[in-house]
Amino acid sequence: MGPLLDADAVPQGLLAAAVNGPFDEDPMTVAGLANELLALWGRPRITQTVVEGDLGPA
């Protein structure tokens, strides 16, 4: 979907889209792509929250 966004060629009639990536893909990259699609239709963006802390021993 990235090349379609870059070329401003996303169809205006698009009603649904799935955004996913390889399991090792940075989730923030996937969320960024989804946010670009949402912005085209004036929809609310995905809320991003960073949680930091110690999860203890593995």
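A31 passes every criterion in (1) open to solvent by 80 Å² or more (accessible area, probe 1.4 Å); (2) not in a loop (DSSP other than H, G, I, E, B) apart from (1). From the list V10, V19, the lone residue that is touching a residue at least 24 places away in the same chain (Cβ under 8 Å) and either touching a Phe, Trp or Tyr at 6+ places or on another chain (Cβ under 7 Å) or aliphatic (A, V, I, L, M) (or both) is V10.
Among the numbered conditions (1) of a type outside the set (S, T, N, Q); (2) open to solvent by less than 60 Å² (accessible area, probe 1.4 Å); (3) under 24 Å from P3 (Cβ atoms), the only one that G56 does not meet is (3). Scanning segment 7-41 for residues that are within 22 Å of V51 (Cβ to Cβ) and in contact with a Lys or Arg (Cβ under 7 Å, 6 or more places away or on another chain) yields a total of 1. One residue stands out in segment 41-50 among those that are open to solvent by less than 90 Å² (accessible area, probe 1.4 Å) and either at pLDDT below 85 or under 11 Å from the mean Cα position of the chain (by Cα) (or both): the one that is farthest from V10 (Cα to Cα), namely I46. Within segment 1-25, the set of residues being part of a loop (DSSP other than H, G, I, E, B) and surrounded by 10 or more Cβ atoms within 10 Å (Cβ to Cβ) comprises M1, V10, L14, A17, V19, G21, E25.
The values are calculated or read from the model by the stated rules, or taken from the named source; none is laboratory data. Quick caveat: nothing in here was measured; it's all calculated off a predicted structure. Cβ atoms come from the backbone with ideal geometry, glycine included; neighbour counts cover every protein chain shown. With ligands, DNA and RNA removed, areas are computed over all heavy atoms of the protein, side chains included. Shrake-Rupley method; radii C 1.70, N 1.55, O 1.52, S 1.80 Å.
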